[in-house]
Amino acid sequence: MDKFHDPDHMNCDDFTQADFFEYKGEDLFEVKDYFWAYYQDAIAKKYMVYGNPISTSPGAEFRVYDRYLGAERDFLNFCSYNYLGYSNHPDVIRTVQETVGKYGTGAVSAPLLSGYYDLTRQLEEAIAAFKKKEEAVVFPTGYGVNLGVLSCLLKPGDTAVLDILSHASIYDGARLAGAEIKVFSHNNAAHLEKILKSLNHKRVIVCIEGVYSMDGDLANLPEIVEVCKRYGAKILLDEAHASLIFGDSGRGVAEYYGLEDQIELTVGTFSKSFGAIGGFVAGERKLMTYLRLYARSYVFSCAMAPHTAAGILKVLELFGNDKSCREKLWENTFYMQRKLKEAGFDIGNTASQVIPVIVGDDRKLRELSKSIYSKGLYTGVVTFPAVSKKRTRLRLSMSSCHTEEQIDTCISILKSAFEYP
Ligand SMILES: Cc1ncc(COP(=O)(O)O)c(C=O)c1O
């Protein structure tokens, strides 16, 4: 039966969010009426836990406006990407404050015009040195890096071969280019090889992630690199969730596996462990020079604010001098993983600070998120299109700021929501 027949009588329990993504009415905007009614019903049933304004820094606890209470209240924060606590580190905050005083609040221009500041250049040089690449280009967002890099290098007729769990920005970049997109099953080098073997041209890029953003597992880099090299395919490795976490020096999963020199394009974001916003691509100087002029999300977007660059430079300095926050993050991560497994939760194959708690069904996810929210726990609530419809989940983001007591509280809230003993 067609579920979309009367926007005045919508029961949100009959729908998943995916339904509205797929809906195509006669009028271009028709979906809004159905989605509005669904949304209102979800609010009335207290399922809607997204979009509540936060009014403190993203520490282990934060204050959130609770629309159901009509007031602010404190939550345990297992949702932010503040993995190493740099977003609210006093030295980083001080640096940013001082820089705002000197440079003002924003770059107020695109980088090729007057948005390129000495601090942005310093950051690019620091990132290139950190990543051991010739050159780096800093973008205003991580999303924009994959979008701009892939859409300007690939042309119609070229092929982007993506791990099926690749981030939306990778899919979108390849789509925008008009390239053919082929996906291989997650981390499956044999499947990747089958695809590469079937292609009769060499204009191919394989896109993978160091740490997969929704599952927290690592790229099967040794096997994937070996296959790519055999078939002459270029590699884009997105280290968004791996930078500062993996590898002795924190350069990511490529460093961890000792394969950095095999990766043509290294991508990262500043919105995770660096505690800020922005992204970068690093690689051969000639290629970076080309990207600077042709990656449209770089050329046609306002540049990163100078104070953001200053804050990230400070993070690099702090991390270079003292990696104890990373040790604490690992301690917290292992503790959480062990406790969740012991309690019987399905946490997939995570090997990192990104820990999924697989639910698998949109309706159940709603009940669970409502329950944990009412008990003061904030986690990622992840449904389609961020993950497939059968792999919905709560996603926990660990931080070096968490205490063992906070982790225990998080677990006991999860247990009671899942009705585990
Ligand atoms: C793997 C990956 N790449 C790119 C991005 C986009 O980065 P940003 O949020 O900094 O734009 C994300 C964000 O979550 C990500 O997980």
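See the values below:
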| quantity | calculated |
| --- | --- |
| Matching option when the condition is within 22 Å of the chain's Cα centre (by Cα) and over 16 Å from Thr141 (Cβ atoms), among Glu342, Glu317, Glu255 | Glu255 |
| Filtered residue count, the stretch 1-16, keeping only those that are closer than 20 Å to Arg363 by Cβ and out of contact with any helix residue (DSSP H, G or I) (no Cβ under 7 Å at 6 or more places or on another chain) | 4 |
| Contacts under 8 angstrom Cβ, first residue in the stretch 155-176 being within 14 Å of Leu192 (Cα to Cα), partner modelled with pLDDT under 95 and part of a loop (DSSP other than H, G, I, E, B), 6 or more apart | Thr159/His201 |
| Criterion: buried (at least 17 other Cβ atoms within 10 Å of the Cβ) and within 14 Å of the ligand (Cβ to nearest atom) - qualifying residue of Ser87, Ser151 | Ser87 |
| Answer residue from the stretch 391-405, given it is farther than 13 Å from Phe334 by Cβ and surrounded by fewer than 19 Cβ atoms within 10 Å (Cβ to Cβ) and is farthest from the chain's Cα centre (by Cα) among those | Glu405 |
| Tally, over the stretch 230-282, of residues that are closer than 18 Å to Ala160 by Cβ, more than 16 Å from the ligand (Cβ to nearest atom) and not aliphatic (A, V, I, L, M) | 4 |
| Checklist (1) over 26 Å from Pro356 (Cα atoms); (2) assigned to a strand (DSSP E or B); (3) within 16 Å of the ligand (Cβ to nearest atom) applied to Val183, failing item | (1) |
| Residue check, Gly173 surrounded by 20 or more Cβ atoms within 10 Å (Cβ to Cβ), in contact with a Leu (Cβ under 6 Å, 6 or more places away or on another chain) and outside the structural domain of Gly348 (by TED's automatic domain parsing) | yes |
| Ile208, sole failed condition from (1) within 16 Å of the ligand (Cβ to nearest atom); (2) surrounded by fewer than 21 Cβ atoms within 10 Å (Cβ to Cβ) | (2) |
| Output for the stretch 401-421, where each listed residue is outside any loop (DSSP other than H, G, I, E, B) and within 22 Å of His89 (Cβ to Cβ) | Glu404, Glu405, Gln406, Ile407 |
| Residue under evaluation Ile413, criteria (1) modelled with pLDDT of 95 or more; (2) farther than 19 Å from Phe62 by Cβ, criterion not met | (2) |
| Top-ranked residue in the stretch 16-50 [being touching a residue at least 24 places away in the same chain (Cβ under 8 Å) and assigned to a loop (DSSP other than H, G, I, E, B); ranked as surrounded by the fewest Cβ atoms within 10 Å (Cβ to Cβ)] | Tyr50 |
| Single residue of Gly252, Gly216, Gly278, Gly268 found to be surrounded by 24 or more Cβ atoms within 10 Å (Cβ to Cβ), within 26 Å of Arg292 (Cβ to Cβ) and in contact with a Pro (Cβ under 8 Å, 6 or more places away or on another chain) | Gly278 |
| Lone qualifier among Lys272, Lys286 - being in contact with a His (Cβ under 7 Å, 6 or more places away or on another chain) and farther than 13 Å from Lys131 by Cβ | Lys272 |
| Residue among Ser114, Ser109 that alone is without any contact (Cβ under 8 Å) to a residue 40 or more places away in the chain, surrounded by fewer than 17 Cβ atoms within 10 Å (Cβ to Cβ) and more than 24 Å from the chain's Cα centre (by Cα) | Ser114 |
| Sole residue being closer than 30 Å to Gly70 by Cα and at pLDDT 95 or above, chosen from Ile407, Ile355, Ile347 | Ile407 |
| Which listed residue is assigned by TED's automatic domain parsing to the domain that holds Arg395, farther than 20 Å from Gly210 by Cβ and modelled with pLDDT of 95 or more, from Glu331, Glu327 | Glu331 |
| Candidates Leu165, Leu192, Leu199, filtered to the one that is modelled with pLDDT of 95 or more, surrounded by fewer than 17 Cβ atoms within 10 Å (Cβ to Cβ) and over 16 Å from Val149 (Cα atoms) | Leu199 |
| Gly85 being among the small types (Gly, Ala, Ser) and under 26 Å from the mean Cα position of the chain (by Cα) | yes |
| Of the criteria (1) in contact (Cβ under 8 Å) with a residue 24 or more places away in the chain; (2) farther than 30 Å from Thr269 by Cβ; (3) of a type in the set (A, V, I, L, M, F, W, C), which one Phe78 fails | (2) |
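The values are calculated or read from the model by the stated rules, or taken from the named source; none is laboratory data. Computed from a predicted structure; not experimentally measured. Neighbour counts are summed over all protein chains in view; Cβ atoms, including those assigned to glycine, are modelled from backbone coordinates with ideal geometry.
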